[in-house]
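Student: Please find one structure pasted underneath; my questions will follow.
The values are calculated or read from the model by the stated rules, or taken from the named source; none is laboratory data. The structure displayed is predicted, hence computed values, not measured ones. Because the Cβ atoms are built from the backbone with ideal geometry, glycine has one as well, and the counts that use them run over all protein chains shown. Side chains included, ligands, DNA and RNA excluded: accessible areas come from the protein's heavy atoms. Shrake-Rupley method; radii C 1.70, N 1.55, O 1.52, S 1.80 Å.
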Amino acid sequence: MDLDGDSRMDLLSGSYPGPLHLFRGRGDGTYREGITLTFEDGEQIDPGSATAPFASDWDRDGDLDILVGDGRGQVRLVRNLSGGPGMAFIEGGLLTASDEPVRCKMGEAAPLVADWDGDGSHDLLLGTGNGQVLFYRNLVREGTPQLAGAVELLPPSPMAERGPLSSQLDLEPGPGIRTRLAVADWDGDGRADLLVGGFALGGPAEELSPSQRQELERMTTVRDSLQGLIAAITDSVETAIRLELLLPPEKGAWTRSERETFGVRRYLALRDLPRLEQLRVLATEASVEVSRRSPPGGRHTYHGWVWVYLRR
């Protein structure tokens, strides 16, 4: 992917906080130090947390636009108006399908543009937080795509159905959550195949005694409850600040000045909550206890394998 049009392959990355980063290629397989991408007016491109970008000439005007999935499950278009080599980005709004915003219910949308149905037009494939893979067919052959409603290519991962981490112990290795996609003719039969990466737990684990399993589940519940309480307090503080500043719900609509003011107010408000700091300490201690009770080698087998799905 050559985003800046200098005939060298670049690396585009999202981030958990939200901003997008470009690592310009040197042409020898190495990359320059990353830069944070901005709109034409200099404002940072920041659609929301847990961003997953994909570069494609979405509107077919001769330059690379960026589709950005986020932690809320939405996909936003960042249009490039350069018309060729170069970068001149403006906000393009949320993608829609069948006149409704594209959104995966479990969040963490990860878009991919490819001609999945072989009709010569750009389709949208979407990785999701629960491991599901969705396909949105493009209904037009030219210009900006018009997407049909979602079709499920892969169901949610069993991991997403199991609840607390302690219930993952007996899972066999398999496709996980937070899926990221690639399309390629893997077996050389002339048809597009699907490659799916993700995060998962499972696989062989040392047996725990009933009392050990019970204690593990208790400590996991304590940890998860504390983390949930921290998240709820933080969200309440952020909502109060946003309402006081009369800011819209979507951070993507904020100006740079509004982002900076919100950030300062958020930092000061959370800093002055001693109870929140106490909860963080307790949550950290609970996490340590969960890890301490792990069998040698770790309780969970983490993996990030890539699964190949061949077309029939």
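Student: Just to verify a result, which residue in region 29-55, among those that are farther than 17 Å from Ile66 by Cβ and at pLDDT 90 or above, is most open to solvent (accessible area, probe 1.4 Å)?
Tutor: Glu33
Student: I need the full set of residues from region 99-116 which are in contact with a Lys or Arg (Cβ under 8 Å, 6 or more places away or on another chain) and either outside any strand (DSSP E or B) or open to solvent by 50 Å² or more (accessible area, probe 1.4 Å) (or both), in order please.
Tutor: Selection gives Arg103, Gly107, Glu108, Ala109, Trp116.
Student: Restricting to strands (runs of 3 or more DSSP E) lying wholly in region 1-91: which have 3 or more residues that are over 22 Å from Glu258 (Cα atoms)?
Tutor: Numbers: elements: 11-13, 21-23, 52-56, 65-69, 75-80.
The strands (runs of 3 or more DSSP E) meeting that bar are 11-13, 52-56, 65-69, 75-80.
Student: Do any residues in region 230-247 that are in a loop (DSSP other than H, G, I, E, B) have Cβ atoms under 9 Å from those of residues that are open to solvent by less than 30 Å² (accessible area, probe 1.4 Å), where the two are at least six apart or on different chains, and which pairs are they?
Tutor: Leu245/Phe262; Leu247/Ile241; Leu247/Trp254; Leu247/Phe262
Student: Moving to a separate point now. Of the residues that make up region 194-208, is at least one in contact with a helix residue (DSSP H, G or I) (Cβ under 8 Å, 6 or more places away or on another chain), open to solvent by less than 30 Å² (accessible area, probe 1.4 Å), closer than 25 Å to Gly73 by Cβ and modelled with pLDDT under 70?
Tutor: Within region 194-208, one or more residues are in contact with a helix residue (DSSP H, G or I) (Cβ under 8 Å, 6 or more places away or on another chain), open to solvent by less than 30 Å² (accessible area, probe 1.4 Å), closer than 25 Å to Gly73 by Cβ and modelled with pLDDT under 70.
Student: If we keep just the residues of region 135-153 that are among the small types (Gly, Ala, Ser) and part of a strand (DSSP E or B), which is surrounded by the most Cβ atoms within 10 Å (Cβ to Cβ)? Let's see the steps before the verdict.
Tutor: Within region 135-153, the subset among the small types (Gly, Ala, Ser) is 143, 148-150.
Those still in the list that are part of a strand (DSSP E or B) too: 148-150.
Details: Ala148: 15, Gly149: 13, Ala150: 19.
So, considering only residues that are among the small types (Gly, Ala, Ser) and part of a strand (DSSP E or B), the one surrounded by the most Cβ atoms within 10 Å (Cβ to Cβ) is Ala150.
Student: What's the number of the condition Glu215 fails, among (1) open to solvent by 60 Å² or more (accessible area, probe 1.4 Å); (2) over 29 Å from Arg76 (Cα atoms); (3) touching a Lys or Arg at 6+ places or on another chain (Cβ under 8 Å)?
Tutor: Failing condition for Glu215: (1).
Student: Report whether or not Asp187 is modelled with pLDDT of 90 or more and over 18 Å from Glu108 (Cβ atoms). Steps first, answer last, please.
Tutor: Values: modelled with pLDDT of 90 or more: yes; over 18 Å from Glu108 (Cβ atoms): yes.
Yes, satisfied.
Student: Report, by residue number, each residue of region 287-312 that is at pLDDT 75 or above, over 27 Å from the mean Cα position of the chain (by Cα) and open to solvent by 90 Å² or more (accessible area, probe 1.4 Å).
Tutor: Result: Arg312, single match.
Student: Go through region 247-295 and count every residue that is closer than 29 Å to Met219 by Cβ and not basic (Lys, Arg). Let's see the steps before the verdict.
Tutor: The first filter runs over region 247-295 and keeps only residues closer than 29 Å to Met219 by Cβ, leaving 270-271, 273-295.
Restricting the remaining residues to those that are not basic (Lys, Arg) gives 270, 273-274, 276-279, 281-291, 294-295.
Summing the residues that are closer than 29 Å to Met219 by Cβ and not basic (Lys, Arg) in region 247-295 gives 20.
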